[in-house]
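What follows draws every value from the coordinates through simple rules; no lab data is involved. Bear in mind the structure is a predicted one, so any value in this text is a computation, not a measurement. FYI the Cβ positions are ideal-geometry reconstructions off the backbone, even for glycines, and counts take in every protein chain you see.
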Amino acid sequence: MGQPPADAGDSSRVRELYERAVADYGNALKRLTRAYEADADRRRDVLQEIHMALWESLARFDGRSALGTWVYRVAHNTATSICIRRKSARVHLVSLEDSALPTASIDRERNLDERQVMERLLGLIQRLRPLDRQVMLLYLEDIDARTIGEIVGLSAANVATKIHRVKKVLVQQFREGVGDE
């Protein structure tokens, strides 16, 4: 059925884990939601759902994996579930105003070019299948193949192969102007 009610010790443990997770991974969760959802209002909803799922899941966290692995797995599973529920096959490009890229730069033109490239890349990543999107977003967060594998349920070798293949597809689509429509 359900889990027995948590005692006060469990509650404070969950609160401590949650506070540590938010402190350590809060910015990464915001970047993750930006990659899953371009619309600012929906993005806030996705982030809220991730935080709720994370809070609820931490009572089951047993330390067999790193806290970061747990956080990313919960976040990606939650975001993927939301995207699947919406069954949104449309491409949503992130606007310049919503971009988290730095705005202060000596060379503003170069900065604008970089932002446009990142927006195009993000648009292409949003078109990927959920598992490929998860892997690439984690890769862009500088997470190693072994940890990505733990999060998405693949071996490190499969993750490395998937990254290599998806990068080739993204480069090809980028060069062909896919997503520029």
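Specify the residue that is nearest to VAL71 (Cα to Cα); the eligible residues are those in the range 136-171 that are of a type outside the set (A, V, I, L, M) and in contact with a Lys or Arg (Cβ under 8 Å, 6 or more places away or on another chain). Per the criteria, the residue is GLU150. Of the residues making up the range 9-62, those that are more than 15 Å from the chain's Cα centre (by Cα), of a type in the set (Lys, Arg) and either exposed (fewer than 13 other Cβ atoms within 10 Å of the Cβ) or closer than 16 Å to VAL74 by Cβ (or both) are ARG15, ARG20, ARG60. Out of all the residues in the range 129-153, which are crowded, with 18+ Cβ neighbours inside 10 Å and hydrophobic (A, V, I, L, M, F, W, C)? If the condition is that a residue be crowded, with 18+ Cβ neighbours inside 10 Å and hydrophobic (A, V, I, L, M, F, W, C), then VAL135, MET136, LEU137, LEU138, ILE143, ALA145, ILE148, ILE151, VAL152 are the ones that fit.
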